[in-house]
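The values are calculated or read from the model by the stated rules, or taken from the named source; none is laboratory data. Only a predicted model underlies this, so the values are computations on that prediction, with no experimental measurement involved. We place every Cβ from the backbone using ideal geometry, glycine too, and count neighbours over all the protein chains shown.
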Amino acid sequence: MKETNWQERYLNQQTGWDIGEISQPLKAYFDQLTDKRMRILVPGGGNGYEAAYLHAHGFEKIFLLDIAPYPLEKFASKHPDFPKEHLIHQDYFEHREKYDLIVEQTFFCAILPSLRKAYARHTHQLLKDEGKLMGVLWSVPLNDDHPPYGGSKEEYRGYFDNLFSYVYFEDCYNSISPRSGRELFLLARKKKVSENIP
């Protein structure tokens, strides 16, 4: 997706995926974390509810990345105490830092399905050794011509199996009502793999 496309979506308030707060599956996971100094990236972070929640609970190294400048500017205005240098206006696939945890919340379903293999590979590269990918994925076919794009657990495993070991990858038990039975919770640890894996 081009930056202007997403910028226009935010400016025109075409954000139907936005529930207005942090989702319960992510909140429940964050609430059991104890290392407040771990480096955490939220790509395609949009309105940044996850970053705001973590920051409010004492996490020091949260980074919010988006290809559109508007949501980052809005977040900075709403959360003036959040470090400005942790707001990253960049294409995820061009980002090169290292993290302990990457949070997936509506980004994977927003990119073109043809980029999913590259997403898995790039996420693996951005994680430190033993780093984790955590988040929710749609578990129902939605649209094939515009986001959000759906998929299945079997499809997703085709992208992740060679790169990650699964700590947990099952149906969400605590989705909000409109999404009940339509989300998978993924917690996966980076594998040490050959750089030659396609």
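Taking L184 as the residue in question, decide whether it is in contact with an Asp or Glu (Cβ under 7 Å, 6 or more places away or on another chain) and at pLDDT below 95. So L184 passes the test. Taken together, the criteria place K27 among residues that are in a helix (DSSP H, G or I) and charged (D, E, K, R).
Let me spell it out: the conditions are (1) buried (at least 17 other Cβ atoms within 10 Å of the Cβ); (2) farther than 20 Å from N47 by Cα, and K117 meets all of them except one. Which number is the exception? Condition (1) is where K117 drops out. Annotation: of all residues in the range 31-44 being over 17 Å from the mean Cα position of the chain (by Cα) and of a type in the set (K, R), the one that is surrounded by the most Cβ atoms within 10 Å (Cβ to Cβ) is K36.
Among the residues of the range 150-170, which ones are aromatic (F, W, Y), closer than 18 Å to L115 by Cα and touching a strand residue (DSSP E or B) at 6+ places or on another chain (Cβ under 8 Å)?
Keep residues of the range 150-170 that are aromatic (F, W, Y), which gives 156, 159-160, 164, 166, 168-169.
Now narrow it down to the ones that are closer than 18 Å to L115 by Cα: 156, 159-160, 164.
Result: Y156, F160, F164.
Scoring N47 on the criteria (1) assigned to a loop (DSSP other than H, G, I, E, B); (2) over 20 Å from T123 (Cα atoms); (3) more than 15 Å from the chain's Cα centre (by Cα) leaves a single failure, condition (3). Of the residues screened, Y173 is not one that is more than 16 Å from T123 (Cα to Cα) and modelled with pLDDT of 85 or more. Quick check, is G16 crowded, with 20+ Cβ neighbours inside 10 Å and either hydroxyl-bearing (S, T, Y) or at pLDDT below 95 (or both)? Taking the combined requirement at face value, the residue does not satisfy it.
If I ask for residues that are buried (at least 18 other Cβ atoms within 10 Å of the Cβ), at pLDDT below 95 and among the aliphatic types (A, V, I, L, M), which ones from the range 124-142 would you list? Once the filter is applied, which keeps residues that are buried (at least 18 other Cβ atoms within 10 Å of the Cβ), at pLDDT below 95 and among the aliphatic types (A, V, I, L, M), the range 124-142 yields V136, L137. If only residues of the range 92-123 that are part of a helix (DSSP H, G or I), more than 16 Å from G48 (Cα to Cα) and in contact with a strand residue (DSSP E or B) (Cβ under 6 Å, 6 or more places away or on another chain) are counted, the one that is modelled with the lowest pLDDT is P113.
Annotation: of all residues in the range 50-91 being part of a loop (DSSP other than H, G, I, E, B) and in contact with a strand residue (DSSP E or B) (Cβ under 7 Å, 6 or more places away or on another chain), the one that is farthest from F108 (Cα to Cα) is F59.
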